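Presented below is the structure to which this report refers.
Please treat every number below as a calculation from the coordinates, not as lab data. As the structure is a prediction and not an experimental result, all values here were calculated from the model. Neighbour counts run over all protein chains shown; Cβ positions are idealised from the backbone, glycine included.
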Amino acid sequence: MWTWVSKNTLRLVYGSPKEWFAPEGFKEGEHGNVEVTEEEGKFLLKANGRILQEDISISRDGEYFCLTMKMWRGNIFGLGDKMGPMNRRQRKYIFFNADDPIHTPIADPLYKSIPFFIVLDRKTSFGVFFNYPGYMEMDFDSEGKGVFKIKVRGEGLVEYFIFNSSVKEIIREFLNLTGKNFPAPIWAFGYHQSRWGYTDRNVVMEIARKFREKSIPCDGIFLDLEHMDSFKNFTWDEENFKEFPEFVKELHDMGFKVVPIVDAGVKVEEGYEIFNEGKKNGYFLKTKDGKDFEGAVWPGRTRFPDFTRDDVREWWGEKYANFVEKTNVDGFWNDMNEPTIFATQEELDEMRERMADIDLDDGWMIPLTLLSFSNVFKSQREEEIVHKDDLPHWKVRNAYGMLMTKACWEGLKKRFPSRRFLILSRSAYPGIQKYGGVWTGDNHSWWEHILQEMINIQSLSICGIFFCGFDVGGFGGDVTPELLVRFYQLGAFTPFFRNHSAIGTKRQEPWVFGEYYENVIKEIINLRYSLIPYIYSSYMLGIMKNVPLVRPLFFEFQDDPVTHTIEDEYMFGPSILVAPIYRFGQEKRVVYLPKVRWLYIPTGEIMKPGWRVVDAPLEVIPLFQREDTAVVKMDPQNFIFEKDLKRLYFDVFLNERVEIELYEDDGESFSFEEGDFSLRRVLITRDKIEVESSRGGYKPPVREWVFKILEVEGRIREISILVDERDLKIPLR
Ligand code: MIG
């Protein structure tokens, strides 16, 4: 069966699947320009004479439904933050959310399942979304025989096939289906400090004070498990974090926002309100025989809300809102929501038994047994857990974290309709972008992870998850000085910029390696803050138009096939190309510059397109500004709302004509949805600057706009004008 769901999107049904989380945004009756023929449940797709999907065969393998077809030509991009190269071709991937804290090059599955990818070759591109939140595998021709295979545990599959020859349009269309990105508050684009292991209030205050003393900008402090009372969600530790609301207020007074962690599991403890309510109302996941499923996580015995249920999400959503009412925190960081379960009673018993049976004569059985134990905490327990109406966990597991995050967003939105929060989740499924952003979980202080994270944020972004980031400095392992700097240089050019690390590892705040490194890092953070107007404007315009902030080169320069092969450079917004350094000791790197002329920002050199080599000693981030663009900047501040901006800077790199849109709003409410924003078109040519009067009801204060115009031949002009809400036309000589 097949139907058009929009002009560009076809919905194909194989077998007899049930679609739990059907995308929104269907437009019945539209019809695209593609030929579909169906024979015995197999489809042949043809557009302009070209065959897009053929040789389809369906089979069953016990409980599994399998689909194979001819492998597409071209590169495969997407799937969210999976390990390995950005091009997914020739590998096999599993979609079954898991907490794996060691991201080796082949670790799979990890926390998220984003079964969406883009097929891109020289001539065309299209998007494919297999909408299934249960157990799934995809094989992009790992055997080199020209076959794509997909296998799900279940009765069938729904495929959304997005026809388009442009990557930009495919992403837009995918988001028409799965939903627009949430508006993060403006301060979410600042820098954030976090660590698992800030043991008490004093330690946190000391860190906070240090940022201000040293004038290193910082907007957010994240609070990990320590702030809770015995790992109970939505509580605080009366000893180490006593008078928690005052503590939050103290941080607020210093200009920090506060974001505590929330885990998916609920501690089993009679008298703990959330446990009692969950138990009484039957809100927790069940075992097959109808009892509450119980496992161990941080609090010890733990039960898990059934987030697939509307009533449970509503209940859980209220908990976030109540906590904000009590403490005034500014966001939530949703963790362990794959969900992670360290072990069950049965597993512990079984392990004990197996150990009891083992002695020295067992030889190689000893390491094998021990190794098998070490994977227990990653297991998904799909056979044991059931949701409401006997829905088995293996059919919906991948949506669990997304639904928890939905509860968070909806609960907060209901109680605080005009306040934006920073919402984060580790686990995800398409749709997550409506409710919050993501980070990539437990990476390591390894050089290899700089490149990997670069790939991760690009892959997440083209899958429609725009607010994404990773643990700057690396979560596991001990960071080293140069590695920390290079991590920051990448992190400063991602939407969510947070330093975070694990308990027991070396501390990695900006100052830990002494003055030299501290200053280098401070300059990186300052640079990030100077770009806030550009970043925020690009993000907000992006969420309205479904355009990501982080863009692979092929997003902007699809016509140039060289860009299809590049994973270690990307665009950050429309104007800046970033080519981070990701190897120890590297001080130069090769960069591919597509199509136009580029300004090498560190030296002011103007470069022609092609392969170039640039100098990038430790203080330098290889950054390039695209021809005929502008970057809007501000003076860095200790935190984003510290002072009113008196001045904006427009760094213009001009050949013929620069046209930009500058978006502003209050940065923290939802009144932009009612038109309280300011959107101005700014046009710069060789002989004039034109500023359109502000559209929208938000009036930024009168400010000085300083234009620094560099023409491609090298002439520089600086013009400063006072801008109010009216339009302006300034001739240039
Ligand atoms: O089992 O809360 O990815 O960011 O610091 C580890 C402690 C649990 C995993 C998260 C990490 C967080 C840590 N959590």
Hey, which of these cross-link pairs are over 29 Å Cα-Cα: 522/729; 180/414; 319/434; 232/643?
-> 522/729; 232/643
Using alpha carbons only, what's the Rg to Rh ratio of the stretch 116-257 with Rh from Kirkwood?
-> 1.20
Segment residue 518-residue 644, extension gain: residue separation times 0.36 nm, minus the distance between their alpha carbons | 42.6 nm
Once the Cα gyration tensor of the stretch 2-178 is diagonalised, semi-axes √(5λ) in Å = 24, 18, 17
The stretch 590-596 - phi-based ³J(HN,Hα) in whole Hz, Karplus 6.51/-1.76/1.60, Gly and Pro as x = 8, 9, 9, 10, x, 6, 10
Under Stokes-Einstein, with the Kirkwood radius over Cα pairs standing in for Rh, what whole-number D in µm²/s applies to the stretch 649-733 at 37 °C and 0.692 mPa s?
-> 240
Three semi-axes of the equivalent ellipsoid, the chain, Cα gyration tensor, whole Å, largest first = 40, 33, 25
In sequence order, calculated HN-Hα J values of the stretch 552-559 (Karplus, 6.51, -1.76, 1.60; Hz; x Gly/Pro) | x, 4, 5, 5, 8, 10, 4, 5
Enumerate the amide H contacts of residue 618 below 5 Å, restricted to partners 5 or more residues apart or on another chain; note that Pro and chain-start residues carry no placed amide H.
-> none
What is the fewest-to-most order of 40, 704 by other Cβ atoms lying within 10 Å of their Cβ?
-> 40, 704
Listed with the fewest Cβ neighbours within 10 Å leading, 418, 374, 125, 425 appear as 374, 418, 125, 425
Order of 242, 149 - criterion: other Cβ atoms within 10 Å of each residue's Cβ, fewest first = 242, 149
Ranked from highest to lowest mean number of other Cβ atoms within 10 Å per residue, what is the order of the peptides 137-146, 376-385?
-> 376-385, 137-146
Under 5 Å between amide H atoms, partner at least 5 residues away or on a different chain: which partners does residue 629 have, H built in plane at 1.01 Å?
-> 653
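Restricting the count to DSSP beta bridges whose residues both fall in the chain, what percent are antiparallel, rounded to a multiple of 5?
Bridges in the chain that DSSP calls antiparallel: roughly 75 percent.
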Whole-Hz Karplus ³J(HN,Hα) for the stretch 320-328, in order, using 6.51 cos²θ - 1.76 cosθ + 1.60 and θ = phi - 60°, x for Gly and Pro?
-> 4, 5, 4, 5, 5, 4, 6, 10, 6
Mind checking which lysines have their Cα closer than 17 Å to the Cα of residue 388? Skip sequence neighbours fewer than 8 apart in that chain.
-> 18, 279, 280, 286, 288, 291
Part-to-part distance (alpha-carbon centres) for the stretch 182-215 and the stretch 352-366, which is given in Å | 48
Which residues' amide hydrogens lie under 5 Å from the amide hydrogen of residue 126, considering only partners 5 or more residues apart or on another chain, with H built in the peptide plane?
-> 119
